[in-house]
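The values are calculated or read from the model by the stated rules, or taken from the named source; none is laboratory data. What you are looking at is a predicted structure, and each value in this text was computed from that prediction instead of being measured. For neighbour counting, all protein chains shown are included, and Cβ atoms are generated from backbone atoms with ideal geometry for every residue, glycine included. Just the protein is used for accessible areas: all its heavy atoms, side chains included, with ligands, DNA and RNA removed. Shrake-Rupley method; radii C 1.70, N 1.55, O 1.52, S 1.80 Å.
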Amino acid sequence: MALDSKTQAALALHRFGLGPRAGSVAAIASDPRGALIAELDRAGAGRLAAAELMSSGAAMRKAVEFRQAQREMRRAAGGKNAQPKNAQPKNADAKAAPRPRPTVGIAPQELYLTEAKARLDAALAADTGFTERLVWFWSNHFCVSADKAQVRPIAGAFEREAIRAHVLGRFGDMLLAVESHPAMLVYLDNARSIGPNSRAGRNRRRGLNENLAREILELHTLGVRSVYSQDDVTNFAKVITGWSIVPPQQNPERGGEFNFNPNMHEPGAQTVIGKRYDEAGVEQGRRVLADIARHPATAKHIAQKFARHFIADEPAPALVERLSKRFLDTGGDLKELARTLITSDDAWNAPRTRIKRPGEWIVGSLRALGVSPPDVRPLVQALNLLGEPLWRPPAPNGFADDNATWLDGLSQRLDLANQMARRNAGADPMAVFGETLAPIASEETRRTITRAESRPQALALLFMSPEFQRR
């Protein structure tokens, strides 16, 4: 059965975007698909422009300066053990004096929060949020973790430099940008990987690390149990030895930036996925990445994951096949991949069964209320509570993208829904309902919200309704 225009518009915003804002359903009702595609075609789509956002190299150097200054201050104060660990102040009721902060560098957490605020602002300001959703998808696909100390100050810069810069470009370009980015090289330990027969390998005990090579083949491109073998992992790991970073402590101008170190690079030709790659320094790794970016197994893996994220745990095989073919035919054009999704009837006709991940749900609630929090820290804490801490996935395969993973967290969402509703008690719940949910809401949901005993209760019920929770 064909959907009316307002229903299609609401579906577009909930399934493909970040949720409706006041007036957005009406604004795109005449052509919901066209509105999503227009966002892809907008100049600078996906980019962030903010003067306070640093390059990853600059951020890493600032964080190193801060940590070094902290160590100097501790030494000047008598070191870590200047006072016994369990010693009590003379006045047990007196509060401890605030710890002095270094006057040079920037704290890693401050850099992290600045990037988090820019990301939140972009999500709240987006028209439909489709391009932002694409950024979030690829950022989770190519994830790094801020739980690793050196990654925390540059996790946001990684997303801007490697993901946003290529989100509507070629997959191969994004792949190269990701795998050569300092955040990824540090996160998966490739910055310290040394070829056993390299100049450094012959002189040091430290050797080959296969983490990055394995995750590139298994998670980022070809997919688990596909066309590669353990020998391919090992050989590819040798190919990308020497892909490292300039030590930030030693170079105040280029520290923290990508660096190819030929002394760490394994010499000689290597065979990966049945193809021989002659010795060519850093180019050897670039050639392998370019080939696996175009591999049919990569197209299939990406298409399946893309359709699962937006549509269903088990997306229609015809849709996956269409996406895979378009990926191959266009040489991995990611704008065309997104366009193919939007123009496919299978993507619109599938039942709304996918539960939104916590970040989507929180941002969708804020967009519905029309509020933009000045402090990002409560949002970061909320994501921690709901199991999707920002730029802190539990493993290199990112946050899970299936319903079962997020079902257990719905009770915590209720607590947050009540908090948001109380903080915005002046909002008219029926006006919010009309602008964001009315076209796709069931009669039962409408009655439940209408019969609420208070405005805050009605808002909380709206945010917890099945229609608001799902894509």
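At a glance:
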{"quantity": "Elements of type strands (runs of 3 or more DSSP E) in the range 247-338, at least 2 residues being touching a Phe, Trp or Tyr at 6+ places or on another chain (Cβ under 9 Å)", "calculated": "258-260, 270-272"}
{"quantity": "Given (1) crowded, with 19+ Cβ neighbours inside 10 Å; (2) over 21 Å from the mean Cα position of the chain (by Cα); (3) part of a loop (DSSP other than H, G, I, E, B), index of the condition PRO351 fails", "calculated": "(1)"}
{"quantity": "Search result, residues across the range 218-267 that are charged (D, E, K, R) and at positive phi", "calculated": "ARG225"}
{"quantity": "Per-region count, the range 293-305, residues open to solvent by less than 10 Å² (accessible area, probe 1.4 Å) and touching a His at 6+ places or on another chain (Cβ under 9 Å)", "calculated": "2"}
{"quantity": "Residue in the range 90-106 that is out of contact with any Pro (no Cβ under 7 Å at 6 or more places or on another chain) and modelled with pLDDT of 90 or more present", "calculated": "yes"}
{"quantity": "Any hit, the range 346-369, residues being out of contact with any Asp or Glu (no Cβ under 6 Å at 6 or more places or on another chain), farther than 30 Å from SER229 by Cα and of a type in the set (Ser, Thr, Tyr)", "calculated": "yes"}
{"quantity": "In the range 366-380, the residues that are of a type in the set (D, E, K, R) and open to solvent by less than 40 Å² (accessible area, probe 1.4 Å)", "calculated": "ARG367"}
{"quantity": "Residue list for the range 264-278, filter: exposed (fewer than 14 other Cβ atoms within 10 Å of the Cβ) and not small (Gly, Ala, Ser)", "calculated": "THR271, LYS275, ARG276, ASP278"}
{"quantity": "Scan of the range 429-471 for residues that are charged (D, E, K, R) and either in a helix (DSSP H, G or I) or open to solvent by 30 Å² or more (accessible area, probe 1.4 Å) (or both), ordered by number", "calculated": "GLU435, GLU443, GLU444, ARG446, ARG447, ARG451, GLU453, ARG455, GLU467, ARG470"}
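To keep it simple, each residue is scored yes or no on (1) open to solvent by less than 20 Å² (accessible area, probe 1.4 Å); (2) assigned to a loop (DSSP other than H, G, I, E, B); (3) touching a His at 6+ places or on another chain (Cβ under 8 Å); (4) of a type in the set (Gly, Ala, Ser).
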position: ALA382; (1), (2), (3), (4): yes, no, no, yes
position: ARG392; (1), (2), (3), (4): no, yes, no, no
position: GLY398; (1), (2), (3), (4): yes, yes, yes, yes
position: LEU414; (1), (2), (3), (4): no, no, no, no
position: ALA417; (1), (2), (3), (4): yes, no, no, yes
position: ALA421; (1), (2), (3), (4): yes, no, no, yes
position: ALA427; (1), (2), (3), (4): no, yes, no, yes
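Residue-wise test of (1) modelled with pLDDT under 95; (2) part of a helix (DSSP H, G or I); (3) of a type outside the set (Gly, Ala, Ser).
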{"site": "ASP173", "(1), (2), (3)": "no, yes, yes"}
{"site": "ALA177", "(1), (2), (3)": "no, yes, no"}
{"site": "ARG206", "(1), (2), (3)": "yes, no, yes"}
{"site": "ARG214", "(1), (2), (3)": "no, yes, yes"}
{"site": "ARG225", "(1), (2), (3)": "yes, no, yes"}
{"site": "VAL233", "(1), (2), (3)": "no, yes, yes"}
{"site": "ALA237", "(1), (2), (3)": "no, yes, no"}
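Let's see how each residue does on (1) among the hydroxyl-bearing types (Ser, Thr, Tyr); (2) free of Cβ contacts under 8 Å to residues at least 12 places away in the same chain:
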{"position": "ARG192", "(1), (2)": "no, no"}
{"position": "GLY195", "(1), (2)": "no, no"}
{"position": "HIS220", "(1), (2)": "no, no"}
{"position": "THR234", "(1), (2)": "yes, no"}
{"position": "ALA237", "(1), (2)": "no, no"}
{"position": "SER244", "(1), (2)": "yes, no"}
{"position": "GLY255", "(1), (2)": "no, no"}
{"position": "PHE260", "(1), (2)": "no, no"}
{"position": "ARG276", "(1), (2)": "no, yes"}
